[in-house]
Structure formats: structure tokens, C-alpha cells
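Novice: Encoded as C-alpha cells, here's the structure I'll be asking about.
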Amino acid sequence: MVKILDKKQLAPTVVEFTVEAPLIAHKCKPGQFVMVLADENSERIPLTIGDSDAAKGTITMVIQQVGNTTRHICQNFEVGDSFHDILGPLGNPSEMGKFGTVVMVCGGIGVAPVHPIAEAYHKLGNKVITIIGGRNKDLILWKDKMAKISDELIITTDDGSEGIHGFVTQPIHDMLAKGDKVDLVVAIGPVPMMMNVAKTTQPFNVRTTASLSCIMVDGTGMCGGCRVRVNGENKFTCCDGPEFDAHQVDWANLIQRGKMYKNMEAVEYSCGGHCKCVEE
């Protein structure tokens with residue numbers, strides 16, 4: 001059992017959980033994830049580690065209510081409760097090094113997995129520029145937390161309620177167009193956002209990495225749900241990633257695959273996690 005030590009409501013459908021997991025906290029590296037089993041009747045889901053404290057033996061995860069399991073966790077688990085099990089750390093850690101100027105681009109809850117990577121780059125002496133994007137100012141998460149580990153913090157909102165009125169690709173393009181030296185771009189967030197970041201940086205030949213953790217399902221390579229074409233080869237995000245060269249990802253194929261189960265997901269979600277169709 002994994003005890004919940006802290007719970008914070010970051011947005012109407014986004015919750016931050018800090019849990020007691022000393023073995024994972026000591027072992028995990030930036031870019032890795034865990035598999036969470038909320039209770040014995042739940043499905044296992046992959047969640048990226050947003051922060052960790054080896055001294056306290058804790059890890060922090062940010063969860064958005066998207067499907068039945070994330071809704072169940074966010075609405076029914078409180079401080080003092082326990083998750084049934086957490087497995088990890090899993091996945092390949094982010095490549096570390098002193099690259100120079102690193103631009104971290106995050107959309108929505110993508111800020112959580114970006115945090116430990118940006119923090120590590122900052123400690124290694126890189127100049128870290130963080131761009132956080134959201135539909136509106138209420139969906140800009142961990143702004144103060146990211147400001148502490150960034151040399152420059154840029155906010156963009158779709159509706160212009162905070163920062164630059166526009167998308168995360170705008171400040172990236174502006175930097176590169178005026179000749180600013182950027183050695184590495186890391187994008188984490190929704191698939192369309194990461195695809196557009198890759199399209200923005202490719203003409204300038206800037207190395208760009210995308211984390212595809214958002215498409216993972218079982219986290220062990222058995223289900224094939226996170227299969228992606230990279231440089232013409234099939235890869236599995238949970239085993240081979242989650243980070244890939246963004247310029248080599250077949251984004252069109254990835255988006256098409258992501259739409260395959262939309263109708264079934266809508267039906268399952270409407271049943272509250274217990275599909276009545278099976279009983280009929």
C-alpha cells in the first residue's frame with residue numbers, strides 16, 4: 001500500500017498527489033514514470049514522476065481527469081488514503097549533459113514531467129528557457145515551481161488571459177528566426193502540440209526531443225497501444241522511450257492511431273467505468 005501524504009487541486013480537473021514511495025524516490029531519474037494501481041478493482045495506469053525527494057522518500061504526480069480511472073483517483077482518494085500499488089521507476093531516463101541553451105516546452109499537465117528534466121539541466125549548468133502553454137491562465141500549472149529552475153519563463157495562453165496571446169510555438173519561432181542560439185528543444189504535452197513544436201524547429205535544424213508518455217497504456221510493452229513509427233521503424237513508447245527524436249516521429253500516423261478508439265472511449269466513459277453493454 002502506498003500512502004497519500006498530500007493532495008492539491010491545481011485546476012478543476014487536475015490534482016497533484018504526493019505519495020510515500022521511498023524506493024522509487026531513491027531510484028528514479030528525470031523522464032521516468034510509474035504504474036499506479038489505485039485499488040484492487042482498478043486498472044493500472046502510467047503516470048510520469050513530476051517531482052521526487054529521496055530524503056523524504058516521496059514522489060509527486062499530477063493527474064488530469066480524462067477517463068474513468070483518473071476520475072476515480074482524483075475524486076475518491078484523499079490524504080491518509082493509500083493506493084494499492086505503485087510500480088517503478090520505468091522507462092528510459094532523459095539524456096543528461098551540458099548542451100548550452102535548452103528550451104523546455106510544456107502544454108497543460110506536460111509541465112509535471114518537464115519539471116525534473118528542466119531541474120536537472122539547470123543543475124548541470126545549461127541555460128534553461130521554459131515555455132508553458134495553456135488554454136487560459138487557470139490552466140497554467142506550476143508556474144512558480146518552474147520559475148525557480150528556469151533562467152527565463154515564458155507563458156502563452158490561447159485566449160490571451162496571461163502572457164503571450166497564442167501558442168507555445170510562437171516564442172520558439174521568434175527565438176530561432178532572430179538567430180538566438182538554441183541547442184536543444186524538449187517538448188512534452190498533447191500530441192498536436194509536440195508535432196507543431198517539431199515542425200517549428202525542423203527548418204532551423206535544432207535538435208528536438210518529444211516525450212510520448214501521454215499515449216502509454218500498460219507501461220510494459222505488452223499491449224502495443226503506445227506503438228509509434230520513428231525513422232521508419234516501429235517503437236514502443238514505454239520500452240524504447242518515452243522520449244524520441246521529434247523530427248523522426250511519424251506524427252500523422254500517431255494522430256490517426258489516437259483516433260481509433262474515440263467512439264468506444266466515449267461509450268465506456270458514459271458507463272462510469274462499468275460497461276453495461278457486456279451484460280446485455
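Novice: Under 6 Å by Cβ, and 6 or more places apart or on different chains, what pairs join a residue from region 126-144 that is in contact (Cβ under 8 Å) with a residue 40 or more places away in the chain and closer than 13 Å to Ala112 by Cα with one that is crowded, with 21+ Cβ neighbours inside 10 Å and of a type in the set (Ser, Thr, Tyr)?
Specialist: Close Cβ pairs satisfying both conditions: Gly133/Thr156.
Novice: Just need a number here: residues in region 7-43 that are loosely packed, with under 14 Cβ neighbours inside 10 Å and modelled with pLDDT of 95 or more.
Specialist: 5
Novice: Oh, and also: Looking for whichever is hydroxyl-bearing (Ser, Thr, Tyr) and under 14 Å from the mean Cα position of the chain (by Cα) here; the options are Thr58, Thr48, Thr130, Thr70. Which one fits? Spell out the reasoning first.
Specialist: Numbers: Thr58 fails: under 14 Å from the mean Cα position of the chain (by Cα); Thr130 fails: under 14 Å from the mean Cα position of the chain (by Cα); Thr70 fails: under 14 Å from the mean Cα position of the chain (by Cα).
From the options Thr58, Thr48, Thr130, Thr70, the qualifying one is Thr48.
Novice: So which of Val34, Val79 is of a type in the set (A, V, I, L, M) and touching a Lys or Arg at 6+ places or on another chain (Cβ under 6 Å)?
Specialist: On inspection, the qualifying residue turns out to be Val79.
Novice: A further question follows. When the residues of region 25-45 are narrowed to those that are over 18 Å from the mean Cα position of the chain (by Cα) and of a type in the set (S, T, N, Q), which ends up farthest from Ile140 (Cα to Cα)?
Specialist: Checked region 25-45; the qualifying residue farthest from Ile140 (Cα to Cα) is Asn41.
Novice: Right, next: In the set Thr209, Thr200, which member is modelled with pLDDT of 90 or more, in a helix (DSSP H, G or I), polar (S, T, N, Q) and more than 17 Å from Arg257 (Cα to Cα)?
Specialist: Within the list Thr209, Thr200, the selection yields Thr200.
Novice: What's the total number of residues in region 85-113 that are of a type in the set (A, V, I, L, M, F, W, C) and within 19 Å of Thr70 (Cβ to Cβ)?
Specialist: 7
Novice: Continuing with this model, one more query. What number of residues in region 119-145 are surrounded by fewer than 24 Cβ atoms within 10 Å (Cβ to Cβ) and under 23 Å from Asp240 (Cβ atoms)?
Specialist: Residues meeting the conditions: 1.
The values are calculated or read from the model by the stated rules, or taken from the named source; none is laboratory data. If you're wondering where the values come from, they're calculated on a predicted model, not measured in any experiment. Here Cβ is always computed from backbone atoms with ideal geometry, including for glycine, and neighbour counts include all displayed protein chains.
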